[in-house]
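The values are calculated or read from the model by the stated rules, or taken from the named source; none is laboratory data. All of these numbers come straight from a predicted model, not from anything done at the bench. Reconstructed Cβ throughout: ideal geometry from the backbone, glycine too, with neighbour counts over all protein chains shown. Side chains included, ligands, DNA and RNA excluded: accessible areas come from the protein's heavy atoms. Shrake-Rupley method; radii C 1.70, N 1.55, O 1.52, S 1.80 Å.
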Amino acid sequence: MRTLLLWCPDWPVLAAEIVEGVPATDPVAVLHANRVVACSERARAEGVRRGLRRREAQGRCPQLTVVDHDPGRDARAFEPVVAAVEELVAGVEVVRPGSCAVAARGPARYLGGEEVAAERIVEHVAQTCAVESQVGIADGVFAAGLAARSGRVVPPGGTPEFLAALPVEALGRPALADLLRRLGVRTLADFAALPAGDVLARFGFDGALAHRLAAGRDHRPLAVRQPPVDLAVTAGYDEPLDRVDAAAFAARALAEQLHDRLAGHGLACTRLGIEAVTAHGQELHRVWRHDGLLTAAAIADRVRWQLDGWLSGSNGRAGGRAARPTAGIIRLRLVPDGVIAQAGLQPGLWGEAGEERERAHRALSRVQGILGPEAVVTAVLGGGRSPADQVRLVPWGDERIPARPGQPMSLAGPVSPGGPVSSGQLASSGRSAAPDQPVSSGVPVPGGPVSSGALVPGGSVSSGVPDRPASSDRPALPDQSGSLGQSGSSGPGAQAGRGRPGRAARSPRPAGRSAGRVEPPWPGQLPPPAPAVVLPQPLAAIVHDDAGEPVVVSARLQLSAAPARLTVGTGRPAEIVGWAGPWPVDERWWAPAEARRRARFQVCLADGAALLLAVEAGQWLVEAIYD
């Protein structure tokens, strides 16, 4: 997307001048954690640079004025600049205080070209806010930000060439830039030429994002600021309303109008503001809060109760009277002070907000005081590939931080072809399908078409030999000499679970599926729905084929035979009527002490139970149970 980005140089210094009156023409430095994060032009002339310690900066410039870094001050001072830009163009996104972006297509067409639009915006900001700024235009926010440093307009399609000659420090990641230089990668062109899969494996998700930016591809579309919708409703009355029954009748029609307006936007009201103006100009205001969805009748009831309190003058105490308005009401306004998506309400565990919630907090804190902080814990969902990895138990009152970054499986995006199927696809009642038979179950795998790793209702699947493990951190297949299960995958049963290599599921792309998300989804993550029960300690199990032989998985992800019976611990064998897998997980292979290598399966038993199995070091384990 062609993006126009406005940049105000040394904005923290200008914000200190606007808010606190510190002259920006003097040598000024803004410090955070005892290091310089911004400085004025005169301070730079004296040798002050970003990253210097306070004492070193003052040693280079004894007249230096030091100001503490305040992000809130920077944001407040930048709001008039954003408002000035919005006077000329619509849909402004604030990148950070001192920088905002807008899609260039609209201003260019309306004002007569991209360069003309840039000049108009810079001139308008200077006249309105007395702030100097520069504008850059390129394909994407990242490239436009770099172009704004020199006030440049990059022609359409020329963003990769514009970025190619820039040093890796332009990525704004000092640690990554230092590592790249030590590896011999000095420019963005050199970094963009590296394979995306190798960058992800070596530098992680942040390195993969920087790799996309270096190639001129933004990781997300421009998220513009949308002006808030005016949802309030107002009614005026020629005859002042001084009787409760008349005011309640008028308020009911206004409440229905508000409810219809909210429903038209898919919203529901949880906090209602009631405003009234009397004939003598007296203004009355009250806010009502509710933990549920305020229907039209509930809104009308609360308006009637409030008008009754105002017009009758009763404050709810025996014998007490509040000051009554000196005249009737001539204007009534209902303001939805708090709205949510109509289908997104989660009722409180302890009912209404307020006293019940406080009582629960005091009770749980008392239990902690008696039994210790770990006696009361709450679950926090995070990232991970297996259900056990995604849950972290946090003591009550502690900060709820996930153990691993990313979205849990209930919020994850589509699953790549070849990934695990959901538990709703495990129901079946027949026996195994013939080996080497194309799979066509009619039930698509989430995120892609049905492949040889998909479940056949009433039978098994053919595992195939993928070019790369779909759930692996390793960029290449393990050596065939290693084994996920026991050795000896050859024999008559070795062909039973082998599919056509041409139909094998390939690994998902590591990037490109996380648009609009804070953290990309984990490759190889189980898709929703999540298992109903995750076992604290996996249960040992044995899987047999029809001949009674143990089923093993080779390093090439080939099953010795189709699973037929499952024995958990010392229990009785259960017949397997449907299964899907294997999906390998090869995690932290670069750290031998933390490396873990396993393959996962989903199986459906004859009694209707659905289980999540894993085979690791030759041992079958039951990890979770589906509902």
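Could you list all residues from the stretch 88-109 that are over 31 Å from the mean Cα position of the chain (by Cα) and touching a residue at least 12 places away in the same chain (Cβ under 8 Å)?
Once the filter is applied, which keeps residues that are over 31 Å from the mean Cα position of the chain (by Cα) and touching a residue at least 12 places away in the same chain (Cβ under 8 Å), the stretch 88-109 yields 88, 108.
Quick one: would you say residue 169 is among the acidic types (Asp, Glu) and under 30 Å from residue 108 (Cα atoms)?
no
For residues that are within 38 Å of the chain's Cα centre (by Cα) and open to solvent by less than 20 Å² (accessible area, probe 1.4 Å), scanning just the stretch 35-47, find the one that is nearest to residue 12 (Cα to Cα).
Ranking the qualifying residues of the stretch 35-47, first place goes to 38.
State yes or no: is residue 55 in a helix (DSSP H, G or I) and surrounded by fewer than 18 Cβ atoms within 10 Å (Cβ to Cβ)?
yes
Are there any pairs with C-beta distances below 7 angstrom linking a residue in the stretch 199-215 that is among the charged types (D, E, K, R) to a residue that is open to solvent by 10 Å² or more (accessible area, probe 1.4 Å), with the two at least 6 apart or on different chains, and if so which?
212/219; 212/511
Could you tell me which residue of the stretch 58-68 is nearest to the chain's Cα centre (by Cα), considering only residues that are surrounded by fewer than 14 Cβ atoms within 10 Å (Cβ to Cβ) and farther than 20 Å from residue 20 by Cα?
Within the stretch 58-68, the match that is nearest to the chain's Cα centre (by Cα) is 59.
Only one of (1) at pLDDT 65 or above; (2) closer than 20 Å to residue 266 by Cα fails for residue 291. Which number is that?
(1) is the only condition that residue 291 fails.
Which condition number does residue 71 fail, the rest of (1) open to solvent by 20 Å² or more (accessible area, probe 1.4 Å); (2) farther than 16 Å from residue 14 by Cβ being met?
The single condition residue 71 does not satisfy is (2).
Restricting to the stretch 14-34, give me the number of residues that are part of a strand (DSSP E or B) and surrounded by fewer than 16 Cβ atoms within 10 Å (Cβ to Cβ).
Qualifying residue count, the stretch 14-34: 1.
May I ask you to list the residues in the stretch 76-98 that are part of a helix (DSSP H, G or I), of a type outside the set (A, V, I, L, M) and surrounded by fewer than 18 Cβ atoms within 10 Å (Cβ to Cβ)?
Listed by number, the residues that qualify are 76, 79, 80, 86.
Consider only pairs whose beta carbons are under 8 Å apart and that are at least six residues apart or on different chains; among these, list those whose first residue lies in the stretch 242-259 and is within 10 Å of residue 332 (Cβ to Cβ) and whose second residue is modelled with pLDDT under 85 and outside any helix (DSSP H, G or I).
Every condition considered, the pairs that remain are 247/241; 250/241.
For the list (1) modelled with pLDDT of 90 or more; (2) out of contact with any strand residue (DSSP E or B) (no Cβ under 8 Å at 6 or more places or on another chain); (3) more than 30 Å from residue 591 (Cα to Cα); (4) not polar (S, T, N, Q), I need the number of the one condition that residue 167 fails.
(2)
Scanning for something in contact with a helix residue (DSSP H, G or I) (Cβ under 7 Å, 6 or more places away or on another chain), in a loop (DSSP other than H, G, I, E, B) and either farther than 17 Å from residue 156 by Cα or of a type in the set (Val, Ile, Thr) (or both), does the stretch 99-116 turn up at least one residue?
No: zero hits.
Report yes if some residue within the stretch 72-90 is under 21 Å from residue 169 (Cα atoms) and either modelled with pLDDT under 90 or among the acidic types (Asp, Glu) (or both); otherwise report no.
For the stretch 72-90, residues under 21 Å from residue 169 (Cα atoms) and either modelled with pLDDT under 90 or among the acidic types (Asp, Glu) (or both): absent.
Can you pull out the strands (runs of 3 or more DSSP E) entirely within the stretch 524-605 that have at least 2 residues that are of a type in the set (Val, Ile, Thr)?
Hits in the stretch 524-605: 533-544, 565-568, 574-587.
Being among the basic types (Lys, Arg) and under 13 Å from residue 298 (Cα atoms) is the filter here; which residues of the stretch 266-288 pass it?
Across the stretch 266-288, the qualifying residue is only 271.
For the list (1) touching a strand residue (DSSP E or B) at 6+ places or on another chain (Cβ under 8 Å); (2) open to solvent by 20 Å² or more (accessible area, probe 1.4 Å), I need the number of the one condition that residue 626 fails.
All conditions pass for residue 626, except number (2).
Select from the stretch 102-134 the residues that are touching a Ser or Thr at 6+ places or on another chain (Cβ under 9 Å) and closer than 12 Å to residue 2 by Cα and write down the one among them that is most open to solvent (accessible area, probe 1.4 Å).
It comes out as 103.
Please indicate, with yes or no, whether at least one residue in the stretch 50-62 is in contact with a Ser or Thr (Cβ under 8 Å, 6 or more places away or on another chain) and not β-branched (Val, Ile, Thr).
no
Can we say residue 165 is buried (at least 17 other Cβ atoms within 10 Å of the Cβ) and in contact (Cβ under 8 Å) with a residue 12 or more places away in the chain?
The answer is no for residue 165.
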